Amino acid sequence: MDKTDLRHLKLQRRVPTRQDLHGALRYLAAHGISAWVHGGWAVEALVGKNLSHQDIDLFVPADQRAQLQTLLGEQIVLWREKFLVWNYDSVQIDIILLSPYKTREAIAFHRDIFWVFPHPRFSSTAAPLDGASIPIVTPAFILAEQEHSVRKKKKSIPKMLERAAMLREVLPPSEIEASRKMWPHVNSPLNRLLLRLGLI
């Protein structure tokens, strides 16, 4: 489970389909693991338009880490403290582990940023996709993911802003207003201190 395994997956991975997404969610749910979709697939479900995808993005509670590791075993091609990559039949599934924060919020660390947003255990919703529903995090967070500019890779900005514009056409004003408060924070010593003090 290292970067070599991840590079191997990226060389032979295939484009994920809606069937892959539904299949992965059913597999996790059948083994008692909670998962919520974010990223491009959540955008597609919310806007009702086909989008291009390279992978599938999921959140899973950190307290299911051991259960997830046992279930996926050798299908995990990269493992970090709060992040893992699952090789699901040559589809890349990125899983971020959520930790609880305050009463009903969650913290998600990824690379050099972290997010604080409503914990999907309390705020998740369902979005239609191919005649079925998929569990997603609050739509305000989905918009924040696409629209924020905090340490984002420059090459990904145009595509994500295009998707943000699609979301703004379908989301209610309350979700759009809440979204700006969910932009990520730089994972700096000061912000980590504020996080420990409950000030973010």
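For the reader, a short list of remarks on this structure follows.
- If the segment from residue 132 to residue 186 were pulled out straight at 0.36 nm per residue, it would be longer than the present Cα-Cα gap by 15.8 nm.
- Separation of the alpha carbons by more than 30 angstrom is noted, of 82/155; 102/155; 49/153; 154/181; 10/154, for 102/155.
- Measuring nothing but how far apart in sequence close Cα pairs (under 8 Å, 6+ apart) lie, relative to its length, the stretch 107-200 scores a relative contact order of 33 percent.
- Inter-site label distance for residue 150 and residue 51 at 7 Å from Cα along Cβ, in nm: 1.9 nm
- Summing charges over all other residues whose Cβ lies under 11 Å from the Cβ of residue 42, with Lys and Arg as +1 and Asp and Glu as -1, gives -2.
- Signed unit charges on C-beta, dipole axis of the chain, positive-most listed residue 106, 140, 157: 157
- Relative contact order [Cα under 8 Å, 6+ residues apart], the chain, whole percent: 20 percent
- Between the stretch 1-41 and the stretch 104-144, the C-alpha centres lie 16 angstrom from each other.
- Aspartates and glutamates with Cα under 18 Å of residue 152, excluding same-chain neighbours fewer than 8 positions away: 55, 57, 94, 112, 162
- Using the Cβ-Cβ distance between residue 102 and residue 6 with R0 set to 30 Å, the FRET efficiency from 1/(1 + (r/R0)^6) comes to roughly 0.35.
Rule-based calculations on the coordinates, nothing more; no lab input. What you are looking at is a predicted structure, and each value in this text was computed from that prediction instead of being measured. Here Cβ is always computed from backbone atoms with ideal geometry, including for glycine, and neighbour counts include all displayed protein chains.
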